[in-house]
1. Could you check segment 5-112 for helices (runs of 4 or more DSSP H) lying wholly inside it with 1 or more residues that are touching a residue at least 40 places away in the same chain (Cβ under 8 Å)?
2. From the list 41, 2, pick out the single residue that is at pLDDT below 95 and in contact with a helix residue (DSSP H, G or I) (Cβ under 6 Å, 6 or more places away or on another chain).
3. Check 19, 47 and return the single one that is surrounded by 13 or more Cβ atoms within 10 Å (Cβ to Cβ), at pLDDT 95 or above and within 20 Å of residue 106 (Cβ to Cβ).
């Protein structure tokens with residue numbers, strides 16, 4: 001996927017395209033995760049779609065839920081979704097910054 005240490009760095013235009021692809025993948029990951037969270041809140045806590053959006057987005061953003069779950073299924077879902085949201089945050093940061101870090105290391109001729 002990336003050029004090796006022995007290959008020259010890709011041109012700036014190709015690097016920008018790589019950044020755009022990684023950013024789009026990150027957006028898709030977050031959007032899909034938001035959809036999963038919304039669906040989970042609607043099904044387990046019977047929240048409206050807007051309230052489910054608020055709760056799921058707050059968890060994905062690291063802020064915590066707005067409406068505390070009342071049912072056992074809702075509590076289990078909220079806990080599992082919170083753990084998942086933490087991993088999504090880490091993966092999203094990695095997706096966005098990997099091309100930049102690779103470029104820096106490549107420019108400095110460090111081993112991959």
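1. Helices (runs of 4 or more DSSP H) meeting the threshold: 12-45, 72-107.
2. So the residue among 41, 2 that is at pLDDT below 95 and in contact with a helix residue (DSSP H, G or I) (Cβ under 6 Å, 6 or more places away or on another chain) is 2.
3. 19
The values are calculated or read from the model by the stated rules, or taken from the named source; none is laboratory data. What you see is a predicted model; the values in this text were computed from it and never measured. Because the Cβ atoms are built from the backbone with ideal geometry, glycine has one as well, and the counts that use them run over all protein chains shown.
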